[in-house]
Amino acid sequence: GKQAGRGSVVPFDPDMLGEERHRRFVERELRAALLMDELELHYQPVVGARDGQVVSHEALLRWRHQVRGMIAPNSFIPVAEQSSLIDRLGEWVLRQACLDQPRLGTPVGVNVSPVQLRRQDFVARFTSILEDTATNPALIIVEVTENAPLAKGSVEMDNLARLRAIGVRVAIDDFGAGHASLHYLRDFVFDIIKIDRTYVADYAVNPVNAMVVAAVCDIARSLRLDVIAEGVETEEQRRQLASAGCTGLQGYLLGRPEPLVRRHTAEAA
Ligand code: C2E
Ligand code: MG
Ligand code: MG
Ligand code: MG
């Protein structure tokens with residue numbers, strides 16, 4: 001940043017300065033959080049649409065702030081994405097998820113930022129964490145959300161292909177909400193499609209949503225991809241999504257994100 005002495009640089013837009021200050025404040029706190037052990041993962045189950053059996057768990061990052069309490073990822077991931085902090089955060093998440101996997105007893109889904117995916121050394125760092133923690137790559141699912149279309153031949157596409165070559169499964173997250181393109185399906189970039197919860201939310205109200213979901217399921221079935229519906233909250237949604245052909249379901253109806261300890265105890269009881 002600029003070492004602007006008092007009065008030496010007049011900000012063009014005071015609002016922008018406020019935003020930048022806020023960003024740097026959060027970034028500084030987040031760096032400390034990494035050191036002070038304030039981050040934790042909560043796990044939410046994904047269940048089979050037919051039998052309700054837990055097929056995997058998704059790791060969702062939480063920041064237990066000393067003063068502000070529990071902070072959701074959407075309010076700090078974007079800040080981390082502005083610097084290399086996102087890489088350290090992502091590596092912390094992967095390592096912790098790998099360490100927790102044996103106790104979860106299922107494959108575990110890890111969200112990866114598009115910023116991480118752009119790094120040339122992403123797969124090398126990823127692989128070394130799997131090795132360090134003696135984790136079978138087949139037990140890891142990488143979930144990618146897009147903020148820009150993934151071009152053929154890009155670093156991102158190359159990294160995804162390399163992950164899949166070592167046996168990691170790759171899911172496209174929030175499908176239908178971003179830039180997802182049909183060539184992703186045609187070119188077999190992903191193993192799993194996670195349908196964005198906005199399609200699920202007004203499923204009953206808007207019949208077009210139901211048709212879109214059913215069509216995605218049809219394509220997925222012929223390509224042998226899994227389809228997981230996100231944000232399932234009602235019994236009716238569960239029933240409709242299962243009959244539309246979703247293979248997996250995730251949402252508060254099936255289980256909320258919870259710390260491993262609590263989830264483990266609840267299941268044992
Ligand atoms: P996502 O990967 O699409 O995760 C699903 C989000 O929906 C989670 O929010 C989850 O708590 C919430 N959710 C699950 N079931 C329901 C439901 O039935 N109804 C509703 N209304 N919401 C439901 P969360 O944990 O706040 O995470 C938000 C986003 O932050 C995630 O969306 C993901 O994109 C990102 N994120 C979370 N953890 C990480 C991480 O470790 N690294 C990165 N890069 N991003 C992460
Ligand atoms: Mg996700
Ligand atoms: Mg999602
Ligand atoms: Mg999301």
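Details
- Criterion violated by residue 227 - all others in (1) more than 16 Å from ligand 2 (Cβ to nearest atom); (2) free of Cβ contacts under 8 Å to residues at least 40 places away in the same chain satisfied: (1)
- Test: residue in region 231-238 that is assigned to a strand (DSSP E or B) and surrounded by fewer than 21 Cβ atoms within 10 Å (Cβ to Cβ): no
- Entirely in region 109-181, the helices (runs of 4 or more DSSP H) that have 2 or more residues that are closer than 19 Å to residue 86 by Cα and within 16 Å of ligand 4 (Cβ to nearest atom): 114-117
- Residues satisfying the stated conditions in region 72-86, i.e. in contact (Cβ under 8 Å) with a residue 40 or more places away in the chain and either open to solvent by 10 Å² or more (accessible area, probe 1.4 Å) or not hydrophobic (A, V, I, L, M, F, W, C) (or both): 79, 82, 83
- Residue check, residue 215 under 18 Å from residue 48 (Cβ atoms), modelled with pLDDT of 90 or more, open to solvent by less than 60 Å² (accessible area, probe 1.4 Å) and in a helix (DSSP H, G or I): no
- Failed item, numbered, when residue 62 is tested on (1) farther than 26 Å from residue 230 by Cα; (2) of a type in the set (D, E, K, R); (3) within 16 Å of ligand 2 (Cβ to nearest atom): (1)
- Members of region 185-199 found to be open to solvent by 40 Å² or more (accessible area, probe 1.4 Å) and either acidic (Asp, Glu) or in contact with a helix residue (DSSP H, G or I) (Cβ under 8 Å, 6 or more places away or on another chain) (or both), listed by number: 187, 188, 199
- Residue within region 167-184 that is surrounded by 20 or more Cβ atoms within 10 Å (Cβ to Cβ), touching a residue at least 60 places away in the same chain (Cβ under 8 Å), within 22 Å of the chain's Cα centre (by Cα) and within 14 Å of ligand 3 (Cβ to nearest atom) present: yes
- Yes/no for residue 129 being within 16 Å of ligand 2 (Cβ to nearest atom), within 17 Å of residue 59 (Cβ to Cβ) and open to solvent by less than 50 Å² (accessible area, probe 1.4 Å): no
- Considering (1) within 13 Å of ligand 1 (Cβ to nearest atom); (2) at pLDDT below 95; (3) open to solvent by less than 60 Å² (accessible area, probe 1.4 Å), the lone condition that residue 147 does not fulfil carries the number (3).
- Just one of the numbered conditions (1) touching a Phe, Trp or Tyr at 6+ places or on another chain (Cβ under 9 Å); (2) on the phi < 0 side of the Ramachandran plot; (3) within 12 Å of ligand 1 (Cβ to nearest atom); (4) not aliphatic (A, V, I, L, M) is not true of residue 198: (1).
- Sub-9 Å Cβ pairs linking a first residue in region 28-56 that is in contact (Cβ under 8 Å) with a residue 24 or more places away in the chain and open to solvent by 20 Å² or more (accessible area, probe 1.4 Å) to a second residue that is among the hydrophobic types (A, V, I, L, M, F, W, C) and part of a loop (DSSP other than H, G, I, E, B), at least 6 apart or interchain, are 29/76; 52/254; 54/254, ordered by first then second residue.
- Against the test of being in contact with a helix residue (DSSP H, G or I) (Cβ under 8 Å, 6 or more places away or on another chain), among the hydrophobic types (A, V, I, L, M, F, W, C) and open to solvent by less than 10 Å² (accessible area, probe 1.4 Å), the options 104, 89, 60 yield a single qualifying residue, 89.
- Residue 253 falls short on exactly one of the conditions (1) open to solvent by 80 Å² or more (accessible area, probe 1.4 Å); (2) away from ligand 2 (no atom under 16 Å from the Cβ); (3) over 19 Å from residue 142 (Cβ atoms); (4) not in a helix (DSSP H, G or I), and that condition is (1).
The values are calculated or read from the model by the stated rules, or taken from the named source; none is laboratory data. As the structure is a prediction and not an experimental result, all values here were calculated from the model. Glycine also receives a Cβ, built like all others from the backbone with ideal geometry; neighbour counts cover every protein chain displayed. With ligands, DNA and RNA removed, areas are computed over all heavy atoms of the protein, side chains included. Shrake-Rupley method; radii C 1.70, N 1.55, O 1.52, S 1.80 Å.
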